[in-house]
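Report on one structure; see the data block that follows.
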Amino acid sequence: MRAYKCLHTNQFSEGNYSLVPIRDEDKYDILNWRNTQIKILRQQAPLTKEQQDIYFKTTVAQLFEETTPDQLLFSFLEKGKLIGYGGLVHIDWKNKSAEISFLTETSRNDSKELFIGDWCNYLSLIKKVAKELNFNSMFTYAYDIRPTLYTALEKAGFTETKRTKNGIEIDGILKDIVIHSFYLSPLKMRMATAADVGLYFNWANDKVVRENSFTSSEITYEQHVNWFTNKLNSEDCFFYLFLNEQNIPIGQVRIDKTKDEIVIGISIDEKQRGKGFGVQMLNKATAEYLNQFPGAKIIAYIKEDNVASLKLFTSANFIKIEDVKVGEYKSHKFQKTKNG
């Protein structure tokens, strides 16, 4: 059995089910499944055996040579028999996140009970892979043609984080594209209170926060208290505060309705940066807000040279809508809505 260099354990089992690093002997079964289920895949045309041979000899073989491959693929077995395959793909090693890929033997999709069981067992195993890698989150990207899939995802603890209306055409009919996310290190979220004024003051005057702000001058405590109190008492301002499982503050997201638009901002505690929490914070805060105000358009303004924030908001499914100038700074304007 081949082994991935980034994993200490390469076989993951639970009950009758197991994941093993993808096997060459399974490539033609996988080929047939992909070709018969092409509608649900991001695959433009049927695969040939020659293409599959080349893919396994080059792309798949290379995965076992790299310490941080862009995907980890597994054969999915029931009592030792191949019934599916999948893995973690489009891996973001910096933010410790990945998309989940999964496909079962075609006939197993005919039974709702079997379909849900396969997905739930697979997701339970792929979570073990992600936990060994110390990942923060995983997500699925699917076309809205299999509602039973959502039942399985919800049973496994996934939540819908984005829906793009009419994002794909299948058999001449427009279908939604739906993303479900799962957080392996879930953050708790609550609304800020007056007792948090000092915490927010420290975050507001953080050097990195000030550099990325459109008003970079340091804030006095008196200024901050007045501003914080006014915002806290405003019906148009929402302070979402995030803590980890040990109740250690991680950061905050503020969504503020102005006269013209609804603007979002985020800051993460200096000690908690680089751990992949930002996407989770943005997703949880925007989901909460958009559930309360389904028609809202949440806007983010980001300086052109703030590469980290540009990547963060893009990863949280914000869409760039235009280049703008905020004061003297060249910037980008992003937007997020409930339906993409």
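The values are calculated or read from the model by the stated rules, or taken from the named source; none is laboratory data. Keep in mind that this is a model prediction, so the values were computed, not measured. Heads up, the Cβs are rebuilt from the backbone with ideal geometry, glycines too, and the neighbour counts pull from every protein chain shown.
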For the range 118-166 the number of residues that are assigned to a helix (DSSP H, G or I), closer than 14 Å to Ile100 by Cα and modelled with pLDDT under 90 is 0
Check the range 73-93 and report whether any residue there is assigned to a helix (DSSP H, G or I) and either within 28 Å of the chain's Cα centre (by Cα) or of a type outside the set (S, T, N, Q) (or both).
no
Residues of the range 317-340 being in contact with a strand residue (DSSP E or B) (Cβ under 9 Å, 6 or more places away or on another chain), modelled with pLDDT under 90 and assigned to a loop (DSSP other than H, G, I, E, B), in sequence order, are Asn317, Lys338, Asn339, Gly340
Residues in the range 272-308 that are in contact with a helix residue (DSSP H, G or I) (Cβ under 7 Å, 6 or more places away or on another chain), part of a loop (DSSP other than H, G, I, E, B) and free of Cβ contacts under 8 Å to residues at least 60 places away in the same chain: how many?
1
What pairs can you find where one residue is in the range 206-224 and in the same structural domain as Gln272 (by TED's automatic domain parsing) and over 21 Å from Ala308 (Cβ atoms), the other is surrounded by 11 or more Cβ atoms within 10 Å (Cβ to Cβ) and modelled with pLDDT under 85, and their Cβ atoms are less than 7 Å apart, with a gap of 6+ or different chains?
Glu218/Arg210
It is to be established whether one or more residues within the range 255-274 are more than 29 Å from the chain's Cα centre (by Cα), surrounded by 12 or more Cβ atoms within 10 Å (Cβ to Cβ) and closer than 23 Å to Val326 by Cα.
no
So, in the range 101-117, of the ones that are small (Gly, Ala, Ser) and in a helix (DSSP H, G or I), which residue ends up nearest to the chain's Cα centre (by Cα)?
Gly117
From the residues in the range 4-20 that are among the aliphatic types (A, V, I, L, M) and assigned by TED's automatic domain parsing to the domain that holds Asn121, which one is surrounded by the most Cβ atoms within 10 Å (Cβ to Cβ)?
Leu19
Please determine whether any residue of the range 221-239 is in contact with a Gly (Cβ under 9 Å, 6 or more places away or on another chain), more than 28 Å from Ile302 (Cβ to Cβ) and either charged (D, E, K, R) or buried (at least 18 other Cβ atoms within 10 Å of the Cβ) (or both).
no
Out of (1) of a type outside the set (S, T, N, Q); (2) in contact with a Ser or Thr (Cβ under 8 Å, 6 or more places away or on another chain); (3) part of a helix (DSSP H, G or I), the odd one out for Leu19 is which?
(3)
Condition check: loosely packed, with under 15 Cβ neighbours inside 10 Å and either closer than 26 Å to Val326 by Cβ or among the basic types (Lys, Arg) (or both). Does Glu132 satisfy that?
no
Matching residues in the range 47-72 - criterion: being over 28 Å from the mean Cα position of the chain (by Cα), surrounded by 12 or more Cβ atoms within 10 Å (Cβ to Cβ) and in a loop (DSSP other than H, G, I, E, B):
Leu47
Please work out which residue is farthest from Gln37 (Cα to Cα), limiting yourself to the range 144-163 and to residues that are surrounded by fewer than 18 Cβ atoms within 10 Å (Cβ to Cβ) and among the hydroxyl-bearing types (Ser, Thr, Tyr).
Thr159
Got a number for residues in the range 167-190 being surrounded by 14 or more Cβ atoms within 10 Å (Cβ to Cβ) and assigned to a strand (DSSP E or B)?
12
Cβ-Cβ distance below 6 Å, separation of 6 or more or different chains: which pairs start in the range 21-46 with a residue that is assigned by TED's automatic domain parsing to the domain that holds Val178 and end on one that is surrounded by fewer than 13 Cβ atoms within 10 Å (Cβ to Cβ)?
Asn35/Pro46; Lys39/Ile170
